[in-house]
Amino acid sequence: MPDEVKPNVNEASTHDAQLAAESIASGEEKAPNVDFDADYKTAQQFSVSDVDRTGEGAAAAEAATAPKYQTSKPVETKTQAQSTGNPDDFLELAKEVGNSKTEGVTNVSDDLVKQALEKGERKN
């Protein structure tokens with residue numbers, strides 16, 4: 001069932017749309033009829049190509065998505081930490097991690113957060 005388009009000049013988003021709406025409102029041009037059901041059925045015919053409906057389409061899709069390089073399969077390994085029972089071992093490890101130059105570890109003060117917030121504010 002076709003629907004008649006009733007353009008509103010005040011709601012036209014572009015100059016061309018406004019001119020078209022004025023032409024239709026004045027009767028210079030005929031308002032287009034849109035049949036959504038027929039358009040939808042036609043669009044469904046184009047949504048899947050003829051090749052995709054055959055075995056050739058499935059083979060082509062498989063070939064297109066196949067990996068280009070062989071990758072190794074992941075192997076699960078289990079590691080178990082040896083418990084020494086010595087708290088000094090843990091403290092030594094914590095010091096190494098805390099003093100690491102390559103890690104993004106740092107002290108964040110309230111002043112630093114305040115400065116970051118000020119820099120992030122929009123200037124008007």
**Message:** I need every pair where a residue in the range 83-97 that is assigned to a helix (DSSP H, G or I) has its Cβ under 8 Å from the Cβ of a residue that is charged (D, E, K, R) and modelled with pLDDT under 75, sequence separation at least 6 or different chains.
**Reply:** 97/103
**Request:** Name, by its number, the condition in (1) in a helix (DSSP H, G or I); (2) exposed (fewer than 10 other Cβ atoms within 10 Å of the Cβ) that does not hold for residue 22.
**Result:** (2)
**Message:** Can you confirm whether residue 6 is in contact (Cβ under 8 Å) with a residue 24 or more places away in the chain and not hydrophobic (A, V, I, L, M, F, W, C)?
**Reply:** yes
**Request:** Name the single residue, out of those in the range 71-90 being over 33 Å from the mean Cα position of the chain (by Cα) and either surrounded by 10 or more Cβ atoms within 10 Å (Cβ to Cβ) or acidic (Asp, Glu) (or both), that is modelled with the highest pLDDT.
**Result:** 88
**Asked** Of the residues 43, 60, which single one is exposed (fewer than 10 other Cβ atoms within 10 Å of the Cβ), assigned to a helix (DSSP H, G or I) and either hydrophobic (A, V, I, L, M, F, W, C) or modelled with pLDDT of 85 or more (or both)?
**Response** 43
**Request:** Can you give me the number of residues within the range 91-124 that are hydroxyl-bearing (Ser, Thr, Tyr) and modelled with pLDDT of 75 or more?
**Result:** 1
**Item:** Count - residues of the range 20-48 that are under 33 Å from the mean Cα position of the chain (by Cα) and aliphatic (A, V, I, L, M)
**Value:** 4
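The values are calculated or read from the model by the stated rules, or taken from the named source; none is laboratory data. As the structure is a prediction and not an experimental result, all values here were calculated from the model. Here the Cβ is made from the backbone with ideal geometry for all residues, glycine too, and neighbour counts use every protein chain on show.
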